[in-house]
Amino acid sequence: MRLLYLTAGAADMYCGSCLRDNALAAALTARKHDVVLMPVYTPTTTDEPNVSSSRVFFGGISVYLQQHFALFRHSPAFLDRLWDSAPLLKLASKRQIKVDPTFLGEMTVSMLRGVDGHQKKEVAKLQAFLAHEPRFDIVTIPFTLLIGLARPLRETLHAPIACTLQGEDLFLDNLTEPYRSQAMDLIRQQIRDVDLFIAVSHYYAEYMATYLGIPRQRIRVVPIGISLDGHAPVPVRREPPYTVGFFGRIAPEKGLHVLIDAYRRLRARPGAPATRLVAGGYLLAEHREYLAGIERQMAEWGLADHFHYAGAPDRAGKIALLQSLDVMSMPATYVEPKGFTLLEAMANGVPVVEPRHGAFVEIVERTGGGMLVPPGDPDALADALFTLLTDRDRAAALARAGAAGVREHYNVDRMTEAAEAAYGDLVRGHRSGVAS
């Protein structure tokens, strides 16, 4: 198969969706499929060899200028090439400008309008480029926020359209009104332009069927999988001090504040072993005060020397950090559709403690690599942490199960096999004239 795979760059941030898209594109290529992984907005950042195209469409600067200034909706091509150049996009992305919610809402709605939005010139540029490419069997867009491209891409390429569902509800729910309602309406109106939706978990398939009104029979589940290169389970430590870990984007919705509350309660328990708390993950400029608040709170509790922020390490640094942990928890306050960091922790023999919601449930239950607690309950989280830090035999059993479970159910080959089967069915249906 020849696949055009659009992927949404997240500037210099390690993004779970970018990591998934890159790993899947690389694995499909290794299986002799012809895959063009094309970034939109910015170049992608991955912790494995990046297989995406060097050309970026819908460059973030162009999209911004065309949203704000009518003049740039008709600017000459040589200026657009400057704005869309990878060096300039990388430079702009490093500034980490906090985006005004009103602008964000307006731009989201405009992008969802596709050829009727302010970025219609960008749609035309993409169509013109692809018109000269060899025929694609499938076009995949990375989430429903770009569903406005489905119809123009189908008209240009005469290929079936697949759309991945991988976490856009959090973005949509944070839009202010009237933009949230307008965006939801525009997505629902264009569901018919997509032939197949790919959900990253069984939970998310059910959720998005209701959330967006997508017919459930048009959603296939392709569970996420990780490349296991470099990941190796380490022996369970039997003597303190132990390390409680957090790994994920440093942002309120990822729940670091819930974990420090549980950690405080853990430290108050009689018989609690010596511990420390380490957090790693990408930190946006807009969340620096959130991290500062975490550090102030730990200091007020007399636990300042217990906490360390380890930054956003590269792949080798990430694996080393995970292997230094004795238990990991990312107690997200929203319902997580993927659970990428759970898989990475368990792949290194680290048991996890997670809230009982979203994809966390199916991952923990399928692998047997951790414990589930009621969401938003720091006492229950502290109880589970205490159990694993004091019952090292149980921790070791969960560690073994998790490492084996990830390798059996959530490796990149399993993800690729599921995607290959879904895309193959879609191509055969399209060629035979059967609706997906």
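The values are calculated or read from the model by the stated rules, or taken from the named source; none is laboratory data. The structure presented is a predicted model; accordingly, all values stated were derived computationally and were not measured. Here the Cβ is made from the backbone with ideal geometry for all residues, glycine too, and neighbour counts use every protein chain on show.
Residues in the range 246-260 that are surrounded by fewer than 19 Cβ atoms within 10 Å (Cβ to Cβ) and touching a residue at least 60 places away in the same chain (Cβ under 8 Å): 252, 253. Can you run down the residue pairs with Cβ atoms below 9 Å, 6 or more apart or on separate chains, where the first is in the range 269-280 and surrounded by 15 or more Cβ atoms within 10 Å (Cβ to Cβ) and the partner is assigned to a loop (DSSP other than H, G, I, E, B) and among the small types (Gly, Ala, Ser)? Correct list of pairs: 278/310; 278/324; 279/248; 279/310; 280/248; 280/310; 280/311; 280/312.
Within the range 294-319, the set of residues being more than 28 Å from residue 348 (Cα to Cα), assigned to a helix (DSSP H, G or I) and without any contact (Cβ under 8 Å) to a residue 12 or more places away in the chain comprises 296, 299, 300.
For the range 320-343, the candidate set comprises residues that are of a type outside the set (A, V, I, L, M, F, W, C) and outside any loop (DSSP other than H, G, I, E, B); within that set, the residue that is nearest to residue 366 (Cα to Cα) is 341. For the range 205-220, the set of residues classified as buried (at least 18 other Cβ atoms within 10 Å of the Cβ) and farther than 22 Å from residue 108 by Cα consists of 205, 219, 220, listed by residue number. In the range 270-293, what residues are at pLDDT below 95, part of a helix (DSSP H, G or I) and among the hydrophobic types (A, V, I, L, M, F, W, C)? 285, the sole residue that qualifies. With a requirement of 3 or more residues that are at pLDDT 95 or above, touching a Cys at 6+ places or on another chain (Cβ under 9 Å) and within 23 Å of residue 417 (Cα to Cα), none of the helices (runs of 4 or more DSSP H) lying completely within the range 156-232 satisfies it.
Check whether at least one residue in the range 334-349 is touching an Asp or Glu at 6+ places or on another chain (Cβ under 8 Å), among the hydroxyl-bearing types (Ser, Thr, Tyr) and within 15 Å of residue 258 (Cα to Cα), and report yes or no. Among the residues of the range 334-349, at least one is touching an Asp or Glu at 6+ places or on another chain (Cβ under 8 Å), among the hydroxyl-bearing types (Ser, Thr, Tyr) and within 15 Å of residue 258 (Cα to Cα), which makes the answer yes. The C-beta contact set for the range 376-397 (first residue in a helix (DSSP H, G or I), second residue aromatic (Phe, Trp, Tyr), distance under 6 angstrom, 6+ apart or interchain) comprises 389/242. Pairs meeting the criteria (first residue in the range 335-358 and within 21 Å of residue 164 (Cα to Cα), second residue assigned to a loop (DSSP other than H, G, I, E, B) and small (Gly, Ala, Ser), beta carbons under 7 Å, at least 6 apart or on different chains) are 335/358; 336/358; 337/167; 337/201; 337/358; 338/167; 338/201; 341/248. Can you spot a residue in the range 253-267 that is among the basic types (Lys, Arg), assigned to a helix (DSSP H, G or I), closer than 28 Å to residue 229 by Cα and assigned by TED's automatic domain parsing to the domain that holds residue 358? Among the residues of the range 253-267, at least one is among the basic types (Lys, Arg), assigned to a helix (DSSP H, G or I), closer than 28 Å to residue 229 by Cα and assigned by TED's automatic domain parsing to the domain that holds residue 358, which makes the answer yes.
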